[in-house]
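Working notes for the structure below.
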Amino acid sequence: MSIKVMTWAWEQELPPLTKLVLMAIADHCDDEGYAWPGIKGISKKCGVAHRTVQRQVEELQAKGILKVEARQRPDGSSSSNGYTVVLNQGVSESHPPMSESHPGVTEVTSLGDSGDTPLTVIEPSCETTTTKPLTLLELFNEPEWLKTLADVVRPDQKQVIRIRKWARNHDEAVLNRVAYSVAEMWEIYKTKNKSIYATFMNWVRMEEARVEERGKPAPVLPRSQQDRYGAEAYIQKQGIHPNSEEANQIRREWSNG
């Protein structure tokens, strides 16, 4: 996944379903805007029928946002189409011919992608980061903690992707709790902290450390301390004055076992 292409796709003003299909294709793209996911893979990501994906691809082609090239394997069988996301509406050049960029796959001239096209998928194998890319579900479903922070300072798309990946390893309840605190206190803290999201991440780590500390079992008291606390509890329960001789006698008895 290319963050550059995903960011550009996210910023396009399109109908929801058309934008969803564009995002699904962009999720596979390299930095040149090129990818070759199969229709089956796109429809699964978007949760829509194959034909619906094909209609949205045609819509993106008509708008000049997407270029499509049919591909064939050396044995003549059809493969998944190649897609070029035309960044900035024509500023980006088309990807090099398939025969040059992907040896072993020959280019054909037809741009059709009918419902009878075999759905064999050749997925791209490289990613631009070592972290698993965000799913479309993660991109389109904004969690409560992010909404809370975004109401204070709206993040750009790079920040969204970075912090959503980071948040995968943290408890949702902690994220929500800390987000409320940061949002409430940001007017005070923003004079010393440049980024609300960096502050949020630091506070989450501190809160997790506190939760972990609270979850540790209480240390076992030495026998002498157990006796002393037990004696004091007994004295208080019996309503005996702590400075009385009776109280002192009880303490001596508890200490002697």
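For every other residue with a beta carbon closer than 12 angstrom to the beta carbon of residue 162, add +1 if it is Lys or Arg and -1 if Asp or Glu, then tell me the sum.
Numbers: positive: 158, 164, 165, 168; negative: 156.
Neighbour charge sum, excluding residue 162 itself: +3.
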Ranked highest first by the average count of other Cβ atoms within 10 Å around their residues, in what order do 168-180, 24-36 fall? 24-36, 168-180
Evaluate the distance, in nm, between pseudo-label points positioned 7 Å from the Cα of residue 198 and of residue 10 along their respective Cα→Cβ axes. 1.9 nm
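Which of the peptides 148-159, 38-49, 202-213 is most tightly packed, and how do the rest follow, going by the mean number of other Cβ atoms within 10 Å of each residue? Mind dumping the intermediate values first?
On the way: 148-159: 15.0, 38-49: 18.2, 202-213: 13.2.
Output ranking for 148-159, 38-49, 202-213: 38-49, 148-159, 202-213.
Based on the Cβ-Cβ distance from residue 233 to residue 213, what FRET efficiency comes out when R0 is 30 Å, to the nearest 0.05? Could the numbers behind the result be given before it?
On the way: r = 26 Å, r/R0 = 0.87.
Once the sixth-power term is evaluated, E becomes 0.70.
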Those lysines that a straight Cα-Cα span of less than 24 Å connects to residue 67, excepting residues fewer than 8 apart in one chain: 4, 19, 40, 44, 45
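Values in this text are rule-based calculations from the coordinates and carry no lab data. Since the model is a prediction, treat every value here as computed from it, not as a measurement. Cβ coordinates were reconstructed from backbone atoms using ideal geometry, including for glycine residues, and neighbour counts include every protein chain displayed.
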